[in-house]
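Undergrad: Quick one: this structure, given as structure tokens, is what I'll be asking you about.
The numbers here are math on the coordinates, done by the rules we state, and not lab data. None of these values were measured; they are calculated from a predicted model. Glycine gets a Cβ as well: all are built from the backbone with ideal geometry, and neighbour counts include every protein chain shown.
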Amino acid sequence: MQASDYLKMKFHSDRQLAIYGQQGVAGSWRALKGISSDIYSGMERVSWYSSCLIPSYHDVCDELLSEEKRMYLSIVSIYRYRDVIAHMLYLYLESVLNDSENGNEQNRVRNTDSKLTEFIKNIPTSKAARLAIALSLAKSLSASGLLSEIVVERLARRVPTAVMALQLIGTDQKCALAARRLKTLDPKYYAILYAAQLEMLYYFVEPFLSELIKKVKMGFYKNFDAIYDDLKGK
């Protein structure tokens, strides 16, 4: 099951998600720790709303209300795309390709023995070919256990009904803070996700993508070839 499917299941049926998330996640210490973290974040966000009662802090209140609207739009976007996680990964890889395109003749994939690129073995290395590879890589990562485990771990936490609302608010808070971190880490990618109404979902791929973004920012990769080799190994 792909990572995006877990997100769709979350907003369709919490009970069904819990069933799929029982193995090694729901009921484990990590899950219990995550529940308390969600509840704390929910209490934190509720406390922030007190700013709406103070005239001089109305800008904070407006930001919170804007994030609630963006969260709603992001949830809707889960169903707009067949595989929303793959689409988010692709948008980042596409932005990296576009950034490295100017004057970089070496920005191509050498390895054509992978199943991911087998279908374009005989296509000249062009931007279109590289974008096709990026799309295949994004889909492959989304379908991998790596991304699915991250998403399930952040979703499959069962709590009593009495505190479920607070936990949901806590999830909103974590999504909002993750989006703010992305805006600081990579403003361009944040803007791309914002335009696609997806930035609030960055929280669910942050453990994976933040590492990649930092490596790109530090010049860890010489070209897209190096990114491909690194991600293919995952």
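Undergrad: Report the extension gain between ARG181 and ALA226 in nm, rounded to one decimal, defined as 0.36 nm multiplied by the number of residues separating them, less their alpha carbon distance.
TA: In short, 13.7 nm is gained.
Undergrad: Mind ordering 90-96, 137-143 by average Cβ neighbours within 10 Å, highest first? Intermediate values should be presented prior to the final figure.
TA: Working: 90-96: 19.6, 137-143: 21.1.
Going by the mean number of other Cβ atoms within 10 Å, highest first, we get 137-143, 90-96.
Undergrad: Under a point spin-label approximation (7 Å from Cα along Cα-to-Cβ), what is the ASP99-ALA195 distance to one decimal in nm?
TA: Taking the two extended label points, one gets 1.5 nm.
Undergrad: With θ set to phi - 60° and the Karplus curve 6.51 cos²θ - 1.76 cosθ + 1.60, what are the ³J(HN,Hα) couplings of segment 60-75 in order, to the nearest whole Hz, using x for Gly and Pro?
TA: 5, 4, 4, 5, 5, 5, 5, 5, 5, 5, 5, 5, 4, 5, 5, 4
Undergrad: Could you give me the ³J(HN,Hα) list for segment 170-185, computed from phi with Karplus coefficients 6.51, -1.76, 1.60 and θ = phi - 60°, whole Hz, x at Gly and Pro?
TA: x, 5, 4, 4, 5, 5, 5, 5, 5, 5, 5, 5, 5, 4, 7, 5
Undergrad: Taking 24 Å as the cut-off for C-alpha to C-alpha distance, list the pairs among LYS69/LYS139; LYS183/LYS217; LYS8/LYS139; LYS188/LYS217; LYS188/LYS215; LYS8/LYS232 that go past it. Please list the in-between numbers first.
TA: On the way: LYS69/LYS139 28 Å; LYS183/LYS217 14 Å; LYS8/LYS139 16 Å; LYS188/LYS217 12 Å; LYS188/LYS215 16 Å; LYS8/LYS232 26 Å.
Over 24 Å Cα-Cα: LYS69/LYS139; LYS8/LYS232.
Undergrad: Applying a 10 Å radius around every beta-carbon, put 54-66, 213-225, 185-197 in order of their mean neighbour count, most first.
TA: 185-197, 213-225, 54-66
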